[in-house]
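Right, one structure below, let's go through it.
The values are calculated or read from the model by the stated rules, or taken from the named source; none is laboratory data. Since this is a predicted model, take the numbers as computed values, not measurements. Cβ placement follows ideal geometry from the backbone for every residue including glycine, while neighbour counts extend to all protein chains displayed. For accessibility, only protein heavy atoms count, side chains too; no ligands or nucleic acids. Shrake-Rupley method; radii C 1.70, N 1.55, O 1.52, S 1.80 Å.
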Amino acid sequence: MREIYTADRTVLERLDVNIVRQFLDRHAREIQRLEKLRRYYCGYHDILERERGADAPNNRVVCNHAKEIIDTAAGHFMGNPISYSGPGAEQITDWFKAAEIDSVDINNAKNTGIYGISYELVTMSDDESPIPKSYSILPQNTFLVCDNTVEHKPLFAVHHYAEEDAAGAVVCHVVNVYTAERVVSYKLEPHFGSVLEETEAPNFLGEVPIIEYWNNEERQGDFEQQISLIDAYDTLMSDRVNDKEEFVDAILVLINAMLGDTPEERVEAAEQLKRNRLIELPSESDARYLLRTFDEAGVDILRRAIEQDIHKFSSVPCLSDENFAGNASGVSLEYKLLGLEDLTKIKERYYTKGLKRRIALYTAAYALKGEAAPGNAEPVFSRGLPKNV
């Protein structure tokens, strides 16, 4: 679960690089968790690090349920663009269309699903006639500090990244600190060392321009609690392939016969047997493979049970499953998607909070251009799945 960074409001009066470093140290302790979630979504599971004996088959099979869960949930939640209704809806729609906000929304939906949290930076474009634009930024490089009241109002946000030279070596770390009044940018020595350069600019928007979106109250990703099940499925499928490989490499047992009188003759005969796949045996002799028996049906039952638990506990069904085939009625399909629908409603509630901050920031930006504020338009979410009518 993601930690909420809080501080007293007086921190803004004494905010400097040393205070920022303290929060950077707290944030660094969480990056390992975030990177693991990114790895699993991208298909780099722990099974890829498994080692076995030198002569033992070591197939490492990745079955990427993590990506399937995220893509299905994000498509259901944000597959169709958000629309707006009510006073000022047309004005807000025009603003967001100019900012190409739909791609930002789908990136935010994926990031909240993966990490449990996502961030969006609102800044002015560098055109001749600047307009506000949004950019989805990763939680590995971003955090928000709120006040210590029950409302958790934003105090300041930090976005940091490494600058590299042509050879890929880190030259410095750039740390941008955003408050409601100013934007301070530090260039620090690698690993957040001494300050190399410091610049400051006013923030004309009047609010912290980084928006935080939660996936749920616990700020957990959609597959985070299912990682142990995903690991079990990867291990089972890898061992299943290993068993097949060991079956192919079974030992040949000769009864009342030998391939040669000396070790050299036996080695040569074994090589000929591999090439010709033919063996001649004297009478009353026999040859058979020493096979390891395994219960294929039992393994498949276990595989299905683990896969069902992954989808059951993540509330994201497998849409390619046979349960979604055939002539199921619309009501039946809605019942099968009930868990996914409940999950999406939770995402909607928390995403709406972020949308209100986005509208406030865009309103402040367009006010600088002399445009009037829109009315209280409400976001309208529509599902990204077809319905059987």
- Note on the structure: Scanning segment 1-23 residue by residue, those over 25 Å from residue 36 (Cβ atoms) and among the acidic types (Asp, Glu) turn out to be 8, 13, 16
- Message: Please count how many residues of segment 172-215 are out of contact with any Gly (no Cβ under 6 Å at 6 or more places or on another chain), open to solvent by less than 30 Å² (accessible area, probe 1.4 Å) and under 30 Å from residue 306 (Cβ atoms).
- Response: 0
- Determine, yes or no, whether residue 92 is within 23 Å of the chain's Cα centre (by Cα) and either over 19 Å from residue 203 (Cβ atoms) or aliphatic (A, V, I, L, M) (or both). no
- Task: Take segment 233-283 and flag every residue that is free of Cβ contacts under 8 Å to residues at least 40 places away in the same chain, within 30 Å of residue 303 (Cα to Cα) and part of a helix (DSSP H, G or I).
- Result: 239, 244, 248
- Looking across segment 8-24 at residues that are free of Cβ contacts under 8 Å to residues at least 40 places away in the same chain and under 31 Å from the mean Cα position of the chain (by Cα), the single one that is most open to solvent (accessible area, probe 1.4 Å) is 22
- Among residues of segment 39-63 being crowded, with 18+ Cβ neighbours inside 10 Å and closer than 25 Å to residue 111 by Cβ, the residue nearest to the chain's Cα centre (by Cα) is 41
- Could you list, in sequence order, the residues of segment 35-77 that are in contact with a helix residue (DSSP H, G or I) (Cβ under 7 Å, 6 or more places away or on another chain) and closer than 18 Å to residue 317 by Cβ? 63, 65, 66, 67, 69, 70, 73, 74, 76, 77
- Query: How many of the residues making up segment 128-165 are within 18 Å of residue 11 (Cα to Cα), open to solvent by 10 Å² or more (accessible area, probe 1.4 Å) and charged (D, E, K, R)?
  - Reply: 2
- Query: Residue check: is residue 192 in contact with a strand residue (DSSP E or B) (Cβ under 9 Å, 6 or more places away or on another chain) and assigned to a loop (DSSP other than H, G, I, E, B)?
  - Reply: yes
- Only residues that are modelled with pLDDT under 95 and not in a loop (DSSP other than H, G, I, E, B): list them for segment 202-224, please. 202
- Restricting the search to segment 109-127, which residues are in a strand (DSSP E or B) and of a type in the set (S, T, N, Q)? 118, 123
- Query: Among the residues of segment 323-341, is there at least one that is aliphatic (A, V, I, L, M), within 30 Å of residue 93 (Cα to Cα) and at pLDDT 90 or above?
  - Reply: yes
- The condition from (1) of a type in the set (Asp, Glu); (2) touching a Cys at 6+ places or on another chain (Cβ under 7 Å); (3) on the phi > 0 side of the Ramachandran plot that residue 163 misses is numbered (3)
